[in-house]
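Okay, so here's the structure we're looking at.
The values are calculated or read from the model by the stated rules, or taken from the named source; none is laboratory data. The structure presented is a predicted model; accordingly, all values stated were derived computationally and were not measured. Cβ atoms come from the backbone with ideal geometry, glycine included; neighbour counts cover every protein chain shown.
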Amino acid sequence: MRLSRVLVSGGLVVAAGLFLLGTSSRSVDAATKQVLNWSEPSSLETLDPDQVDDSVGGEVLRNSNEGLYVLDGNNKLKLAGASNVTVSKDEKTYTFTLRKNAKWSNGKAVVAADYVYGWRRMVTPATAAPNSYLFDGIQNAEDIMNSKKSPDTLGVKAVGKYKLVVTLDKTIPYFKKLLVIASFNPLNENAVNKYGKKYGTSSKYTLYNGPFVVKGWTGTNDKWNLQKNNYYWNKKQVKLAKINFQVTKSTTTSYNLYQSGKLDETLLSSEQARQLKNNKEFKSLEQARTTYVDYNTTRKALKNKNIRKALSYAVNRKQLVKKVLGDGSVVSKNFVPEGLTSYKGKDFAKNAQGKRSFST
């Protein structure tokens with residue numbers, strides 16, 4: 001597996017943001033030991049998929065846990081924990097056949113009941129899961145989250161060990177893509193009950209079913225690593241033996257570590273991105289993300305809708321993305337960035353675009 005050193009630009013983004021990636025000769029560790037040294041801009045907060053609400057936690061879970069689908073290198077959906085899926089004509093019932101060789105990092109089989117338990121836990125009000133809203137549209141999810149129905153009425157059920165049936169209240173065109181998110185991962189009920197409130201608070205109090213297992217994270221430290229999961233069903237396709245993570249909140253520090261060969265990737269500030277845009281190790285990669293200003297409407301003036309509109313109109317968006325950010329960001333034409341997903345062959349953002357380009 002060929003590995004590249006990476007320069008990543010992480011400036012504020014007004015519209016569909018860009019990562020800036022680069023390629024060069026492989027680092028010694030990456031080439032000979034299959035070890036990658038990676039930096040993160042902020043600390044890891046939790047490994048509990050029901051509590052993750054940040055990019056770092058999401059990134060770690062995408063590598064250490066696995067749901068029904070993953071995205072491949074071309075950002076296309078690919079079956080992962082499931083080997084087959086059938087969808088009803090009205091697109092409201094999904095029947096997944098799970099892989100019989102999928103296992104947890106303790107050697108136990110990943111079964112349909114693990115998905116049922118994980119999804120019910122997610123929408124249970126007592127869990128206070130920040131991403132529970134993503135389940136809106138699954139049968140009874142909204143009523144469960146509003147304490148009007150029991151979690152066991154959620155539209156998900158296990159038929160035997162390896163068949164999972166999901167029923168929706170309404171058609172969700174992007175439903176399959178939602179299933180890539182860690183919130184829809186399975187959870188082993190025995191492990192959660194064993195560790196109780198400690199589940200996900202450190203690497204040793206967490207169970208994994210993905211390509212890697214997390215090691216060395218105590219819950220507060222800023223260094224940890226991912227090691228190859230020998231129980232992973234597709235382990236032959238996992239080429240890396242280890243990924244070392246360290247938090248470097250300063251892009252100056254991380255860039256210095258990158259230059260000295262201690263990191264294989266670094267985030268860049270907008271200023272650094274402008275300076276290094278002609279560097280051969282610098283390459284841009286689009287990211288479908290929108291960054292916006294959230295007004296503090298507890299302030300008297302900002303309670304006024306017209307004042308918020310005036311502030312929005314006062315921003316020269318073209319000048320902001322070109323001269324202030326300078327990292328390849330583009331002006332947002334809608335709250336949903338273009339390129340995020342498509343429906344019936346058309347870009348969802350373009351179809352859903354409203355008449356106004358500002359949020360009030």
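How many of the residues in segment 294-335 are under 28 Å from PHE282 (Cα atoms) and either loosely packed, with under 14 Cβ neighbours inside 10 Å or not polar (S, T, N, Q) (or both)?
Of the residues in that region, 16 qualify.
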*Run down VAL85, VAL56 and say which single residue is at pLDDT 90 or above, on the phi < 0 side of the Ramachandran plot and assigned to a strand (DSSP E or B).*
VAL85
*Residues of segment 214-226 being surrounded by fewer than 20 Cβ atoms within 10 Å (Cβ to Cβ) and either part of a loop (DSSP other than H, G, I, E, B) or among the polar types (S, T, N, Q) (or both), which ones?*
GLY216, THR218, GLY219, THR220, ASN221, ASP222
*Test ASN229 against the criterion of being buried (at least 17 other Cβ atoms within 10 Å of the Cβ), touching a residue at least 24 places away in the same chain (Cβ under 8 Å) and farther than 30 Å from SER269 by Cα, and give yes or no.*
yes
_Among the residues that make up segment 246-257, is at least one of them of a type in the set (D, E, K, R) and in a helix (DSSP H, G or I)?_
no
*Pairs under 9 Å by beta carbon, first residue without any contact (Cβ under 8 Å) to a residue 24 or more places away in the chain and over 14 Å from PHE175 (Cα atoms) in segment 336-348, partner of a type in the set (A, V, I, L, M) and assigned to a loop (DSSP other than H, G, I, E, B), six or more apart or different chains?*
ASP347/LEU340
*The lone exception for ALA82 - which of (1) under 17 Å from TRP233 (Cβ atoms); (2) more than 21 Å from the chain's Cα centre (by Cα) it fails*: (2)
_buried (at least 17 other Cβ atoms within 10 Å of the Cβ) and either touching a Leu at 6+ places or on another chain (Cβ under 8 Å) or without any contact (Cβ under 8 Å) to a residue 60 or more places away in the chain (or both): is that true of SER254 in this structure?_
yes
*Qualifying helices (runs of 4 or more DSSP H) (wholly inside segment 88-185; at least 2 residues being among the basic types (Lys, Arg) and crowded, with 17+ Cβ neighbours inside 10 Å)*: 112-123
*asked:* Considering only residues that are part of a loop (DSSP other than H, G, I, E, B), of a type in the set (D, E, K, R) and modelled with pLDDT of 90 or more, which ones fall in segment 20-51?
replied: GLU45, ASP48, ASP50
*Which one of these is more than 21 Å from VAL116 (Cβ to Cβ) and within 22 Å of the chain's Cα centre (by Cα): VAL180, VAL213?*
VAL213
*asked:* Return the residues of segment 271-329 that are touching a Ser or Thr at 6+ places or on another chain (Cβ under 6 Å), of a type in the set (D, E, K, R) and closer than 28 Å to ASN75 by Cβ; say none if nothing qualifies.
replied: GLU281, ASP327
*Could you tell me which of the residues LEU134, LEU47 is under 16 Å from the mean Cα position of the chain (by Cα), closer than 19 Å to LYS194 by Cβ and hydrophobic (A, V, I, L, M, F, W, C)?*
LEU47
*Answer yes or no as to whether THR291 is surrounded by fewer than 17 Cβ atoms within 10 Å (Cβ to Cβ), without any contact (Cβ under 8 Å) to a residue 24 or more places away in the chain and not acidic (Asp, Glu).*
no
*Within segment 306-345, count every residue that is polar (S, T, N, Q) and under 30 Å from ASN278 (Cβ atoms).*
4
